[in-house]
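Enquirer: Okay, handing you the structure first.
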Amino acid sequence: MPTPEAEDDLSIETLLRAVADGDRSAFAEVYDRISSRVMGLVTRLLRDRAQSEEVTQEVFLEIWQQATRFDQNRGSGMAWVLTMAHRRAVDRIRSAQKSHERDVKIGIRDIEREFDGVVETVEIRVENERVKAAMSRLTPLQREAVVLAYYGGYSHSEMADILGIPLGTVKTRLRDGMIRLRDEMGVTS
């Protein structure tokens, strides 16, 4: 006998198929059932209520527009929606960071610098090379976990889904990779 969660996921999947066919009442039902979970995830990441509301609205607009892309063979309906919400929230965070960096650069551009820019550029290149070298000394599994987490922006559970491995294994690979990176980079805690 299926668990209530499995029935809910099945119902969400059925509703998403109806949304893909343009069924507005199915969309309303999807919204009623999962909007609080989506808002909770987004709020946990953004920590700003107004931005979280905007991102949640964007997620549901995307559900309406992209429901035809949902493939239940690749995962549950809830996982599809929450992955979409996570990505939107991470995009918003990155956008805010880039905006802040641009503002800082504009402000700094107007200040006369009294240091050698060549030295800074060389230091950045050397540091990038150190990171590349340290990454190359990770095992392929550790490197994969670090790249997915830090360059891909995926959560542990998303990584477990992508890699098809248990959550604990993802966490272990990531932890071991970070410890090894720290050791290779000579960082002390």
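Enquirer: For a quick check of your reading of the filter: which trypsin sites (Lys or Arg not before Pro) in region 84-185 sit in a DSSP loop and have no more than 15 other Cβ atoms within 10 Å?
Expert: R113, R137
Enquirer: Let me have the relative contact order for the chain, percent, based on Cα pairs under 8 Å that are six or more residues apart.
Expert: After rounding, I find 17 percent.
Enquirer: Multiply the residue separation of A133 and E53 by 0.36 nm, subtract the distance between their alpha-carbon atoms, and state the gained length in nm to one decimal.
Expert: 24.6 nm
Enquirer: Beyond 16 Å, what share of the Cα-Cα pairs of region 1-111 remains, rounded to the nearest whole percent?
Expert: Roughly 62 percent, rounded to a whole number.
Enquirer: Here is a follow-up. Among Q72, A28, F60, which residue has its Cα furthest toward the positive end of the charge dipole of region 22-79, with +1 on Lys/Arg Cβ and -1 on Asp/Glu Cβ?
Expert: Towards the positive end, the residue furthest out is Q72.
Enquirer: Next question, about the same structure. Please compute the modelled spin-label separation between D91 and A79, points set 7 Å along Cα→Cβ, answer in nm with one decimal.
Expert: Reported label-point gap for A79 and D91 is 2.2 nm.
Enquirer: If one computes the Cα centroid of region 32-84 and of region 138-179, what distance in Å separates the two points?
Expert: 23 Å
Enquirer: Give me the angle, in degrees from 0 to 90, between the Cα long axis of helix 77-109 and the longest principal axis of the Cα atoms of the chain, rounded to the nearest 10.
Expert: In the chain, helix 77-109 runs at an angle near 30 degrees to the longest axis.
Enquirer: As a check on your grasp of the helix formula, calculate [θ] at 222 nm for the chain: sum -39500 (n - 2.57) over DSSP H runs of n ≥ 4, divide by the residue count, round to the nearest 500.
Expert: -26000 deg cm²/dmol
Enquirer: How long are the three semi-axes of the equivalent ellipsoid for the chain, computed from the Cα gyration tensor as the root of 5 times each eigenvalue, in whole Å, largest first?
Expert: Over the Cα atoms of the chain, the semi-axes work out to 39, 24, 12 Å.
Enquirer: Evaluate the Debye formula for region 116-189 with equal point scatterers sitting on the alpha carbons, no solvent, and hand back log10 of I(q)/I(0) at q = 0.17, 0.20, 0.25 Å⁻¹, in q order, two decimals.
Expert: Those come out to -0.67, -0.83, -1.07, one per q.
Enquirer: How high is the FRET efficiency from V119 to L167, r the C-beta distance, R0 35 Å, rounded to 0.05? Walk me through the numbers on the way to the answer.
Expert: Values: r = 44 Å, r/R0 = 1.27.
Working from the Cβ atoms, E equals 0.20.
We did not get these values from a lab; they are worked out from the coordinates using the rules stated. Remember, predicted model here, so these are calculated numbers, not experimental data. Cβ atoms come from the backbone with ideal geometry, glycine included; neighbour counts cover every protein chain shown.
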